[in-house]
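The values are calculated or read from the model by the stated rules, or taken from the named source; none is laboratory data. Because the structure is a prediction, the values reported are computed rather than measured. Virtual Cβ from ideal backbone geometry, glycine too; neighbours counted across all protein chains shown. Side chains included, ligands, DNA and RNA excluded: accessible areas come from the protein's heavy atoms. Shrake-Rupley method; radii C 1.70, N 1.55, O 1.52, S 1.80 Å.
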Amino acid sequence: MRFFSAVLAFLICAAIANADERIKLNVRISQAPEGVAAHFEIARDVTNLRLEYRSEFAEGTWAITTPGLTYKNGEVSSATPFHTFDVVVTARNDFVSGPFYPCVIKIGDSGRIVYASYFAGLQSAYDTTISFETPSSTTAIGLPRGGSSFRVERTAAPSDQAAGIYVYLGPASAAKETPLATYIADPAVQPWIQQQLENLASPSLAFYRRNIGISLRRKPLIMTTFSSGRKGAFQADVTEGPNVVFRIFGDQWREKTDRATADIRHTARHEYAHFWNSYAVRSSDNEGGRWLHEGGAEYWARLAEADLDRNERHSSNVESALNKCAANLVALPLSRTTAAASYPCGETIQWFADLGQRRSGKDYFSLWRELLKRADANGGNYSVAMFRELAERNTPTVRDTISLIVDRDGTDRWYELPAILAKLRVKLEAAPPEPAAFRDAVVMHVIEGNCGNGFWIEDGWLKLETEENCGPLSGKPQVDSMNGHNLFTDPKGAFDAVEAACKSNGDVTFSRAGVERTWTVKCDRPLHKPPPTFAYKLKP
Ligand SMILES: [Zn+2]
């Protein structure tokens, strides 16, 4: 008997050790004038602590106050062993373009928004508990199970998603509670914008809940910040919670215009849709299948607009998404791009799915209800394969339309689309390409062969989304011309010049007016003609 229990005790110990041999890490976060201060306690001595998440956003903001330690690229290290250290992280409220979560943002004078992932040790090595100090009259809001501390759950999700949650730390009086959501707004946010976000939330959340048939597990935390920096930009990110931060930049927002109102309302509804399609359940194809949850959020937002605002822009919205999709998807199949094409192509695919549902006498959202049900039975994850199976079972034509975007390549496919859609009784006309289509086609063609997966259109110039350390176009060049032809005033000239160069394995040179540096690559693949300009004709 005694022997038996000893073995049992040994087995239990072994099981516990196998379950979690990771080093315990406690991180205590408190407010500091610059942003936040964090105190790290590691259960044993190390010479190096790798953190779960790093991004360009955090670089330069971490100042370690413990002598002898340094922070670089999400790694704290020292020549001698350490088990504790302190860091002051400076908040950044400026605009940083790129798909990063900000580390610490100020909201009002004394509020802070903290993206917890930056403070978690690498999941495979550390078992992290993060706590927030809340002296009197301050509070922490948005933690996974309420309260002011949480243990980081181990997840197979990408590193920016482990402990991927925005937490508010600041005066309790700043939070406004309503039955459906908690709001915290920087006092500098234009009142009309905050009013839009709040007025929109209740009916939109109710619309999604009604159509998806699932209530959110927790009340969303909706935060808004403002800084007068970069002109007219607007960024928003949703995290676990569900919590969302809307970041508004630039004084142009002071003026309430129709365009600004429409942008705010659409973005807000897009983000609110993610409360369900990315945080009630999530897509396991988060990267390669980004078009599914992003396109879903776009299309849900359009349907909410149509229903709640009683607008009749549905046909012009789908037409515009389709044209943007075609312009951004010249050579590659969607399954092989992740950048700018995801949103409009994803929205277009949702429209195709909607057409198929309607052909079968079903409503569009019933497809997502079924998808979320399957996700529930699959550990909370849905996938592109599940979505396609559900959407494509309606009719082979829907399979052909989705496949045209996701699986096929080249421009010719776009000229086939009207005939395919005619089988769904949709009248689509294809007119010759617009001048901008020549710019999009020629830029995409060249950067796709050079570690680029898209570009951002700025005011008279482009920012190429290229990978680091990957050939002559590395480092996200900012350009306005190709082979001497301006991409905004002479896009057809640029197209023709590059087309000629590509026929003879010639040079293609990007440049920007007033900038000495140029970027030259070889082109040896034939350039595709741009896609047509589509016009979607509603049946009278
Ligand atoms: Zn989104």
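Return the loop-located trypsin sites (Lys or Arg not before Pro) in the stretch 391-428 (DSSP other than H, G, I, E, B) with at most 13 other Cβ atoms within 10 Å of their own Cβ; answer none if there are none.
R393, R425
Below 8 Å, C-alpha to C-alpha, sequence gap of six or more: please give me the relative contact order for the stretch 437-522 in percent.
24
K256 versus R145, label points 7 Å from Cα toward the beta carbon: distance in nm?
4.3
Of the listed peptides 290-303, 430-443, 323-336, what is their order by residue-averaged count of other C-beta atoms within 10 Å, with the highest listed first?
290-303, 323-336, 430-443
Loop-only GluC sites (Glu not before Pro) in the stretch 148-213, please: DSSP not H, G, I, E or B, and at most 16 other Cβ atoms within 10 Å.
Of the GluC sites (Glu not before Pro), the ones in loops of the stretch 148-213 whose Cβ has at most 16 other Cβ atoms within 10 Å are E153.
Tally Lys and Arg at +1 and Asp and Glu at -1 over the other residues with C-beta under 13 Å from the C-beta of Q357: what net charge comes out?
Result for the neighbourhood of Q357: +1.
Whole-Hz ³J(HN,Hα) for each residue in the stretch 423-431, computed from phi via Karplus 6.51 cos²θ - 1.76 cosθ + 1.60 with θ = phi - 60°, x for glycine and proline: what do you get?
Here the 3J(HN,Hα) series is 5, 9, 6, 10, 9, 10, 9, 10, 9 Hz.
Measure out, as a whole number of angstrom, how far apart the alpha-carbon centroids of the stretch 333-370 and the stretch 43-70 sit.
Cα centres, the stretch 333-370 to the stretch 43-70: 42 Å.
What does the charge count around T65 come to, taking other residues whose C-beta lies under 12 Å from its C-beta (Lys +1, Arg +1, Asp -1, Glu -1)?
-2
So, with +1 on the Cβ of K and R and -1 on the Cβ of D and E, and no other charges, what is the size of the charge dipole of the stretch 119-222 about its Cα centre, to the nearest 20 debye?
Charge dipole, the stretch 119-222, about its Cα centre: 440 debye, nearest 20.
Using alpha carbons only, how many angstrom separate the centre of the stretch 258-274 from the centre of the stretch 377-440?
One Cα centre to the other: 25 Å.
In the chain, if the dipole is taken from +1 on Lys/Arg beta carbons and -1 on Asp/Glu beta carbons about the Cα centre, which of V318, N211, S383 is farthest to the positive end?
The listed residue farthest towards the positive side: N211.
Just name one of I457, M444, W519: the one whose Cα is farthest towards the positive end of the charge dipole of the stretch 437-522 (beta-carbon charges, Lys/Arg +1, Asp/Glu -1).
About the Cα centre, the residue reaching furthest to the positive side is W519.
Placing unit charges on C-beta atoms (Lys and Arg positive, Asp and Glu negative, everything else neutral), compute the dipole magnitude of the stretch 187-273 about its Cα centre in debye, rounded to 20.
That gives the stretch 187-273 a dipole magnitude of about 200 debye.
Which ³J(HN,Hα) values in Hz, rounded to whole numbers, follow from the phi angles of the stretch 112-123 under the Karplus curve 6.51 cos²θ - 1.76 cosθ + 1.60, where θ = phi - 60° and Gly and Pro get x?
9, 10, 10, 8, 5, 3, 4, 9, 8, x, 3, 3
With all protein chains present, calculate the accessible area of E255 using a 1.4 Å probe and round the result to the nearest 10 Å².
For E255, the solvent-accessible surface is approximately 120 Å².
Report the percentage of all Cα-Cα pairs in the stretch 182-277 whose separation exceeds 18 Å, rounded to a whole percent.
Of all Cα-Cα pairs in the stretch 182-277, 42 percent lie more than 18 Å apart.
Which value, in debye to the nearest 20, describes the size of the charge dipole of the chain about its Cα centre when Lys and Arg Cβ atoms bear +1, Asp and Glu Cβ atoms bear -1, and nothing else is charged?
1420
Express in whole angstrom the spacing between the alpha-carbon centres of the stretch 87-104 and the stretch 120-153.
19
Using just the C-alpha positions of the stretch 62-215 as equal point scatterers, what log10 of I(q)/I(0) does the Debye formula give at each q in 0.12, 0.15, 0.17, 0.19 1/Å?
-0.66, -1.00, -1.24, -1.43
Amide H to amide H, which residues 5 or more places from F95 or on other chains are under 5 Å from it, using H placed in the peptide plane?
Amide H neighbours of F95: R230.
When the Debye formula is applied to the Cα atoms of the stretch 437-522, each taken as the same point scatterer, what base-10 log of I(q)/I(0) results at q = 0.20, 0.22, 0.24, 0.26 Å⁻¹?
-0.85, -1.05, -1.28, -1.51
Using the structure shown, list the pairs from K423/K537; K492/K529; K503/K529; K324/K522 with a Cα-Cα distance above 18 Å, or answer none.
K324/K522
Roughly what % of DSSP beta bridges within the stretch 182-277 run antiparallel, to the nearest 5?
35
Under 5 Å between amide H atoms, partner at least 5 residues away or on a different chain: which partners does F85 have, H built in plane at 1.01 Å?
F40
Please give the length that would be gained between K537 and T178 if that part of the chain were fully extended, namely 0.36 nm times their separation in residues minus their C-alpha to C-alpha distance (nm, one decimal).
124.9 nm
Using the charge dipole of the chain (Lys, Arg: +1 at Cβ; Asp, Glu: -1 at Cβ; taken about the Cα centre), state which of S342, T395, Q190 has its Cα farthest towards the positive end.
Sorting the options by dipole projection puts first T395.
On the principal axes of its Cα set, how long, how wide and how thick is the stretch 231-317? Give whole Å, largest value first.
Sorted largest first, the three principal extents are 40, 30, 22 Å.
Quick query: amide H of A120 versus all other amide H atoms, modeled in the peptide plane; which residues come in under 5 Å with a sequence gap of 5 or more or a different chain?
Amide H neighbours of A120, under 5 Å, 5+ apart: E52, Y53.
Beyond 34 Å, what share of the Cα-Cα pairs of the chain is found? Please give it as a whole percent.
46
List the pair-distance distribution P(r) of the stretch 355-482, using every Cα-Cα distance, as the percent of pairs falling in each 10 Å bin from 0 up to the bin containing the longest distance, rounded to whole percents.
Histogramming the stretch 355-482 at 10 Å steps yields 10, 27, 25, 27, 11, 0 percent.
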